[in-house]
Amino acid sequence: MTTYDRLRWSGPVAPAVEPADVYAALVRLDEPCFVVRGPGGLGVATGGEVGSYGDFGLVSAAAPMPPERLGSAQFQATYGLRYAYMSGAMANGIASEEMVIAMAKAGFLGSFGAAGLLPERIEKALQRFAREIPGLPFAANLIHAPSEARLERSGVELFLSAGVRCVEASAYMDLTPHIVRYRLAGLSRGAGGAALAGNHVIAKISRPEVAERFMRPAPESMVGKLLAAGDITAEQAELARLVPVADDITVEADSGGHTDRRPLPALLPVILRLRDQIMREHGYPTQVRVGVAGGIGTPESACAAFVAGADYIVTGSINQSCVEADTSVQAKALLAQAGIADCEMAPAADMFEMGVELQVLKRGTLFAMRAKQLYEIYRHYEGIDAIPADVRTRIETQLFRRPLDQVWTETVEYFERRDASQIARAADNPKRKMALIFRWYLGMSSRWAKIGEADRLPDYQIWCGPAMGSFNNWVRGTYLAVPEHRQVVDVARHMMRGAAFHHRVAQLRAAGLALSAACATYHPAPEDVPAGAQEWALR
């Protein structure tokens with residue numbers, strides 16, 4: 001390292017040289033940090049003065065790095081956030097009202113897990129948000145379910161009528177009229193004829209071709225049909241040419257739930273370059289922002305995402321083990337024991353017939369193996385009656401624990417409340433009927449995990465990615481090792497504070513400073529509410 005020419009440092013306290021003291025200096029993120037050289041060698045200091053005179057030569061310096069600086073200031077301003085951090089939706093309300101409310105009050109963006117819930121259940125959640133966090137930021141999940149398009153349509157109608165201003169769109173393989181309608185129905189004309197977007201879309205993607213559709217304006221043919229149906233106005237149809245379908249693109253890497261398990265270092269640069277290309281073509285006045293999800297389980301991974309160009313980060317699996325997650329203590333205990341290799345792909349209930357898979361927790365359950373068995377049976381036989389007697393007996397005994405005829409009766413009752421067309425489509429289609437029966441097991445397995453059905457533990461379907469194992473490894477030996485101590489806001493603050501810390505460490509290392517792991521690894525410790533957090537909630 002080369003000493004800054006003629007610059008000296010002086011301060012009221014001697015520079016830190018012991019690892020614990022160096023760490024204490026580095027973690028003061030609101031203050032500048034100085035590496036200085038004196039008679040005893042190198043030391044680290046905060047505060048003090050830099051000038052022509054002093055007892056120590058200035059070797060290197062790092063500017064203040066509060067966690068609020070990480071990511072896109074525009075993302076924070078658009079949604080009214082303190083941090084460029086989002087807790088992603090976990091279906092069936094696992095990303096609960098409590099989670100969303102806690103995040104909003106602390107200046108984070110939380111997405112309610114509306115996927116899989118009936119409209120009346122979602123409506124109750126939205127009413128609670130209106131009462132408890134009026135004016136504060138939140139998102140609601142809108143999931144693409146090809147086999148249940150009615151739920152997607154009714155979800156959009158509910159969000160529009162309730163005035164929901166942000167949706168997290170997930171599992172989309174292409175644009176649908178419903179997500180486009182939501183986006184365009186919020187458009188209005190501003191000063192100078194500019195398009196103002198009242199409804200924001202954060203689209204979670206893992207493929208460039210899908211990202212491109214969300215980054216470009218809505219297809220004219222789709223806009224025309226929405227206009228003809230009276231779902232948007234003529235002015236909104238005209239403004240549709242000026243805005244992308246999504247404000248934000250979340251690049252989803254190796255995540256829990258629906259995932260293509262793309263490696264983030266390979267995928268993110270492709271999406272960033274695609275974004276830049278489309279921005280040049282369309283000249284949008286506001287840049288399409290790109291965030292990162294999947295594998296974000298430690299401050300180091302969060303820091304890496306920001307350094308690589310992410311405008312914001314999204315966490316998922318790690319929040320499922322938090323107190324506010326609406327899932328069972330049994331599921332949270334299994335999650336808290338997971339390692340990075342304890343995940344496996346399994347058939348997805350909502351896209352079972354298409355062969356789409358999602359990532360689940362493997363350790364402590366047999367769900368992935370059993371779900372794959374069902375899919376293989378579905379592939380090889382044309383209907384329930386074609387399944388060999390010994391195979392049918394085995395799955396009735398081990399998986400369903402009841403006759404398949406009884407499962408069909410329960411399936412009919414379920415879809416009569418949810419989407420009767422599903423049953424009608426299976427009336428003369430034995431293979432379709434078999435798929436619905438098998439989807440009963442896939443759907444119930446996630447419910448058993450959520451409610452903690454004790455005698456169904458081997459069948460628990462728990463959506464989980466390797467970030468969970470990475471998080472558990474990081475917090476081992478700390479107060480966050482115990483699920484009962486994991487509060488979603490506490491975890492989020494440590495993730496962002498730790499990311500800022502590692503950003504500072506990376507700056508100093510790039511300048512040539514050798515730092516040991518003892519003083520260069522962020523440790524989560526219990527702490528009071530950071531200064532300004534209460535004021536944020538009351539602003």
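The values are calculated or read from the model by the stated rules, or taken from the named source; none is laboratory data. All of these numbers come straight from a predicted model, not from anything done at the bench. Backbone-built Cβ (ideal geometry, glycine too); neighbour counts: all protein chains shown.
Can you name the residue in segment 247-297 that is of a type in the set (Asp, Glu) and assigned to a loop (DSSP other than H, G, I, E, B) and, of all such residues, is modelled with the lowest pLDDT? Taking the candidates together, the pick is Asp260. It is to be established whether one or more residues within segment 465-479 are in contact with a strand residue (DSSP E or B) (Cβ under 7 Å, 6 or more places away or on another chain) and either part of a helix (DSSP H, G or I) or among the hydroxyl-bearing types (Ser, Thr, Tyr) (or both). No, the conditions are met nowhere in segment 465-479. Residues that are without any contact (Cβ under 8 Å) to a residue 24 or more places away in the chain, in contact with a helix residue (DSSP H, G or I) (Cβ under 8 Å, 6 or more places away or on another chain) and either in a helix (DSSP H, G or I) or on the phi > 0 side of the Ramachandran plot (or both) occur at least once in segment 446-453.
Scanning segment 255-271 for residues that are farther than 20 Å from Asp311 by Cβ and among the charged types (D, E, K, R) yields Asp260, Arg261. One residue alone among Val201, Val164 is without any contact (Cβ under 8 Å) to a residue 40 or more places away in the chain, within 30 Å of Gly256 (Cα to Cα) and not small (Gly, Ala, Ser), and that residue is Val164. Restricting to segment 127-148, count the residues that are of a type outside the set (Phe, Trp, Tyr) and either in a strand (DSSP E or B) or crowded, with 17+ Cβ neighbours inside 10 Å (or both). The total comes to 12. When segment 197-228 is filtered for residues that are hydrophobic (A, V, I, L, M, F, W, C) and either over 26 Å from the mean Cα position of the chain (by Cα) or in a helix (DSSP H, G or I) (or both), the ones remaining, listed by number, are Val210, Ala211, Phe214, Met215, Met222, Val223, Leu226, Leu227, Ala228.
If you go through segment 41-57 one residue at a time, do you hit one that is closer than 30 Å to Ala520 by Cβ, modelled with pLDDT of 95 or more and aliphatic (A, V, I, L, M)? Checked segment 41-57: no residue is closer than 30 Å to Ala520 by Cβ, modelled with pLDDT of 95 or more and aliphatic (A, V, I, L, M). The residue list Asp276, Asp311, Asp342 contains one member that is at negative phi and not assigned by TED's automatic domain parsing to the domain that holds Gly113, which is Asp342.
Residue-level analysis places Leu136 outside the set of residues that are under 20 Å from Ile179 (Cα atoms), touching a residue at least 24 places away in the same chain (Cβ under 8 Å) and not assigned by TED's automatic domain parsing to the domain that holds Ala420.
Mind checking which residues of segment 167-199 are of a type outside the set (A, V, I, L, M, F, W, C) and within 15 Å of Thr233 (Cβ to Cβ)?
To start, the set of residues in segment 167-199 that are of a type outside the set (A, V, I, L, M, F, W, C) comprises 168, 170, 172, 174, 176-178, 181-183, 186, 188-190, 192-193, 198-199.
Within segment 167-199, Arg181, Tyr182, Arg183, Gly186, Ser188, Arg189, Gly198, Asn199 meet the criteria.
Test Ala169 against the criterion of being closer than 29 Å to Arg425 by Cβ, small (Gly, Ala, Ser), touching a His at 6+ places or on another chain (Cβ under 8 Å) and buried (at least 19 other Cβ atoms within 10 Å of the Cβ), and give yes or no. For Ala169, the condition - closer than 29 Å to Arg425 by Cβ, small (Gly, Ala, Ser), touching a His at 6+ places or on another chain (Cβ under 8 Å) and buried (at least 19 other Cβ atoms within 10 Å of the Cβ) - is met. Applying the criterion of being of a type in the set (Asp, Glu) and surrounded by fewer than 19 Cβ atoms within 10 Å (Cβ to Cβ) to the residues of segment 354-400, the residue that is nearest to Trp463 (Cα to Cα) is Glu376.
Looking across segment 406-461, the residues that are farther than 21 Å from Glu396 by Cβ, at pLDDT 95 or above and surrounded by 18 or more Cβ atoms within 10 Å (Cβ to Cβ) come down to Ala449, Lys450. Note on segment 149-191: residues that are assigned to a strand (DSSP E or B) and within 19 Å of Arg128 (Cβ to Cβ) amount to 3. It is to be established whether one or more residues within segment 84-98 are under 15 Å from the mean Cα position of the chain (by Cα), modelled with pLDDT of 95 or more, surrounded by 19 or more Cβ atoms within 10 Å (Cβ to Cβ) and in a helix (DSSP H, G or I). No: zero hits.
Of the candidates Gly295, Gly316, the single residue that is surrounded by 17 or more Cβ atoms within 10 Å (Cβ to Cβ), on the phi > 0 side of the Ramachandran plot and out of contact with any Cys (no Cβ under 8 Å at 6 or more places or on another chain) is Gly295.
Is there a residue being in a helix (DSSP H, G or I) and in contact (Cβ under 8 Å) with a residue 60 or more places away in the chain anywhere in segment 508-515? Scanning segment 508-515 turns up at least one residue that is in a helix (DSSP H, G or I) and in contact (Cβ under 8 Å) with a residue 60 or more places away in the chain.
Filter segment 357-408 down to the residues that are assigned to a loop (DSSP other than H, G, I, E, B) and out of contact with any strand residue (DSSP E or B) (no Cβ under 7 Å at 6 or more places or on another chain) and list them by number.
Of everything in segment 357-408, those that are assigned to a loop (DSSP other than H, G, I, E, B) and out of contact with any strand residue (DSSP E or B) (no Cβ under 7 Å at 6 or more places or on another chain) turn out to be Arg363, Gly364, Thr365, Leu366, Tyr381, Glu382, Gly383, Ile387, Pro388, Arg401, Arg402, Pro403.
Among (1) assigned to a helix (DSSP H, G or I); (2) crowded, with 24+ Cβ neighbours inside 10 Å; (3) under 18 Å from the mean Cα position of the chain (by Cα), which single condition is Asp311 missing? Only one criterion in (1) assigned to a helix (DSSP H, G or I); (2) crowded, with 24+ Cβ neighbours inside 10 Å; (3) under 18 Å from the mean Cα position of the chain (by Cα) is unmet by Asp311, namely (1).
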